[in-house]
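A.B. asks: Would you mind keeping the following structure in view while I ask a few things?
The values are calculated or read from the model by the stated rules, or taken from the named source; none is laboratory data. Note that the structure is a prediction, hence the values are computed from the model and not measured. Heads up, the Cβs are rebuilt from the backbone with ideal geometry, glycines too, and the neighbour counts pull from every protein chain shown. All accessible areas refer to the heavy atoms of the entire protein, side chains included, with ligands and DNA or RNA removed. Shrake-Rupley method; radii C 1.70, N 1.55, O 1.52, S 1.80 Å.
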Amino acid sequence: MSATSPARPVLPPDIRARKGSQPLVVLTAYTTPVARLVDPHCDIALVGDSLGMVLHGMPSTLGVTLEMMILHGRAVVRGLTRAMAVIDMPFGSYEESPQQAYRNAARLMAETAAPAVKLEGGAHMAETISFLCARGVPVMAHIGLTPQAVNTLGGYKVVGRDGEADRVLADALAVQAAGAFSVVLEKVPVGLAARITQSLDIPTIGIGAGVDCDGQVLVVDDMLGLFTEFRPKFVKRYADLGALADQAIATYAAEVRARTFPAPEHGFADTLPKGAK
Ligand code: KIV
């Protein structure tokens, strides 16, 4: 956990207050064991809807359901003592109306005990963000490349080049004005991300948005080398756990076939030696 984190569980106002100070450290987590690994080092464990692709083998995040987010959200919250859980609102659970968004955000928070949600969208989601914030739902916004809009964007492209920059900045200002406590900038050119970060009073959390954001987020399976289907340019691999796991599984399979595992020490005696319990 960062030096500036409080001695109690982190809450949205703590994240908001980190603007311009120590960088915010964010990783995704989808399970209790990974949440336990993330907790001592990160400010936020993001239960991202990327879990659809990373854990469930879906081709995009569009098939992720509220029930999946609740199940994984609960598991992550169980593994945290300090870092704050933020849960993604899945595609179709908030876009229809502020009321629909509130109903589903309230379920996410009540059934997982996470203190905040994240949703994708800029100016067009401002009314919903404002509705949620006024009713006790802290919102992290997500602009730039919004993967749930992959079909309208025409792919996972950089957003904010070629005359789009002012619109992305307007999105950032709109979600801030609506009450978001922070905003994820995904796949936004570095100069624009710096401009947005300078223009906002709330922290920006970058993913593929350069070094000038107030914090960074990565998908944990990407940085650990566990998700290998594709590797975006912005991912730095800090370990190759996929290769280690492959090696371990191959050794296990070879030992089972050679009958060298299980060995005598892995078995249970039929009769206990005298005096043993
Ligand atoms: O779903 C996710 O993991 C995300 C992050 C990549 C920001 O939204």
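A.B. asks: What residue among 27, 173, 37 has the largest mean-square fluctuation in a Gaussian network model of the chain, using Cα springs under 10 Å?
C.D. replies: Maximum among the listed residues: 37.
A.B. asks: Have a look at 273, 193, 117 and report the one farthest towards the positive end of the charge dipole of the chain, computed about the Cα centre with Cβ charges (Lys/Arg +1, Asp/Glu -1).
C.D. replies: Highest projection toward the positive end goes to 273.
A.B. asks: For the chain, modelled as a Gaussian network with Cα springs under 10 Å, which listed residue fluctuates most, 134, 165, 248?
C.D. replies: Maximum among the listed residues: 248.
A.B. asks: Now for a separate question. With a ≥ b ≥ c taken as the square roots of the eigenvalues of the C-alpha gyration tensor of the range 3-147, please select rounded if a/c is under 1.5 and otherwise prolate if a/b is larger than b/c or oblate if it is not? Mind showing how you got there, number by number?
C.D. replies: Numbers: a/c = 1.58, a/b = 1.18, b/c = 1.34.
Taking the square roots of the gyration eigenvalues as a ≥ b ≥ c, the range 3-147 is oblate.
A.B. asks: Hey, could you pull the Cα Rg and Dmax for the range 1-82, both in Å?
C.D. replies: Computed over the Cα atoms of the range 1-82, radius of gyration and Dmax are 13.7, 40 Å.
A.B. asks: Out of residues 5 or more away from residue 182 or on other chains, whose amide H comes under 5 Å of its own, with H placed 1.01 Å from N in the peptide plane?
C.D. replies: Amide H neighbours of residue 182: 141.
A.B. asks: Which of 58, 226, 159 sits closest to the plus end of the dipole of the chain, meaning its Cα is farthest towards the positive end, when Lys and Arg get +1 and Asp and Glu get -1 on the C-beta?
C.D. replies: 226
A.B. asks: Ranked from highest to lowest mean number of other Cβ atoms within 10 Å per residue, what is the order of the peptides 71-80, 138-147?
C.D. replies: Result, highest mean Cβ count within 10 Å first: 138-147, 71-80.
A.B. asks: If you don't mind, another one. Sequence neighbours fewer than 8 away in the same chain don't count; with that in mind, list the lysines whose C-alpha is under 18 Å from residue 233.
C.D. replies: 157, 187
A.B. asks: If you average the sequence gap of Cα pairs under 8 Å that are 6 or more apart and divide by the length of the chain, what percent do you get for the contact order? Could you put the intermediate results ahead of the total?
C.D. replies: Numbers: 531 pairs, mean separation 42.5, N = 277.
RCO, the chain: 15 percent.
A.B. asks: Considering Cα pairs under 8 angstrom that are at least six residues apart, work out the relative contact order of the range 1-101 and quote it in whole percent.
C.D. replies: Here the relative contact order equals 31 percent.
A.B. asks: Output the peptides 231-241, 216-226 sorted from most to least packed, where packing is the average of other Cβ atoms within 10 Å over each peptide's residues. Intermediate values should be presented prior to the final figure.
C.D. replies: Working: 231-241: 12.9, 216-226: 21.3.
Listed from highest to lowest mean packing, they are 216-226, 231-241.
A.B. asks: Another question about this same structure. Residues of the range 1-57: accessible area per residue at 1.4 Å, in Å²?
C.D. replies: 43 Å²
A.B. asks: Taking the chain as a Gaussian network, Cα atoms linked when under 10 Å apart, which of 172, 45, 250 shows the biggest mean-square fluctuation?
C.D. replies: 250
A.B. asks: Right, something else. Pull out the extension gain between residue 265 and residue 152, defined as 0.36 nm times the separation in residues minus the alpha carbon to alpha carbon distance; nm, one decimal.
C.D. replies: Full extension of this stretch gives 34.8 nm more.
A.B. asks: List the relative contact order of the range 71-137 as a percent without decimals, with contacts defined as Cα pairs under 8 Å and 6+ residues apart.
C.D. replies: 37 percent
A.B. asks: Given Cβ point charges of +1 (Lys, Arg) and -1 (Asp, Glu) and nothing else, what value in debye, to the nearest 20, does the dipole of the chain about its Cα centre take?
C.D. replies: 640 debye
A.B. asks: How much of the accessible area of the chain, in percent, comes from carbon and sulfur atoms when a 1.4 Å probe is used? Spell out each step's value before the answer.
C.D. replies: Numbers: 7960 of 13760 Å².
Taking all protein chains in place, the chain shows 58 percent carbon and sulfur surface.
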